[in-house]
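Below is one structure, written out as structure tokens; the observations come after it.
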Amino acid sequence: MKKTRTIFLPFMTVLAFVAVNAQEPVITSEEDAVITVMKKYKEALQNLTIDRTFALFADNSQVYEQGGIEGTYSDYIEHHLGPELGHFKKFEFSDYEIDAEVHMPYAFTTETYIYTIILKPDEKGNSRTIKKKGVATSILEKIDGKWKIIKTHSSSRNTK
């Protein structure tokens, strides 16, 4: 009986090790931090504000949208997104999923979602709803201990 237990215990230890390592990889704290940055940006858009979003982007970041080069995040806010947000009554994301991969000092994300924009009523009181399926990929870099978005590209298409 003692001999069986001696063989059985190491076998069970190896089996447990294999079973644990066969599971999905555990998200690291760096991946959590990257995902948090991306979710903060999404939440700001849903709140129709750019407050505190500049801290999420590197100064020399690049924004690409729908096949266009928008420039740095500051350029994007000044010439594109900032004025657009003023026309939105509501900006909502649904079916949101994010995947993050960290390869220090860089991280790569892919987000998929459906966004719904409800425009403020025009002078005639008419409002319009835009609903699209979108995808965004971003590259982040750890700069001075903080994850910053250095490049982001988004595109969308009509929902079916």
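Quick note: the coordinates plus some simple rules give every number you see, no bench work behind them. For clarity, every value in this text was computed on a predicted model and none was experimentally measured. Please note: Cβ atoms are built from the backbone with ideal geometry, for glycine as well, and neighbour counts cover all protein chains shown.
Table for the structure above
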item	result
Per residue Cα convex hull volume in Å³ - calculated over the range 28-158	105 Å³
Local net charge near residue 120, Cβ-Cβ under 10 Å (Lys/Arg +1, Asp/Glu -1)	+2
Around residue 91: net Lys/Arg minus Asp/Glu count, Cβ-Cβ under 14 Å	+4
Cross-link reach list, aspartates and glutamates versus residue 131, counting only Cα pairs under 20 Å and skipping chain neighbours closer than eight places	43, 65, 84, 92, 95, 97, 111, 122
Normalised contact order of the range 28-158, rounded percent, pairs of Cα under 8 Å and 6 or more residues apart	25 percent
The range 51-160 - charge dipole about Cα centre, Lys and Arg +1 at Cβ, Asp and Glu -1, debye rounded to 20	500 debye
Residue among 56, 105, 145 farthest towards the positive dipole end of the range 28-158, charges placed on Cβ	56
Entries of 120/148; 39/132; 89/146; 39/120; 39/160; 42/142 with Cα pairs more than 30 Å apart	120/148; 89/146
In Hz, Karplus ³J(HN,Hα) per residue of the range 116-133 (6.51, -1.76, 1.60; θ = phi - 60°; x = Gly, Pro)	10, 10, 10, 7, 5, x, 7, 4, 8, x, 8, 10, 9, 10, 10, 10, 9, 8
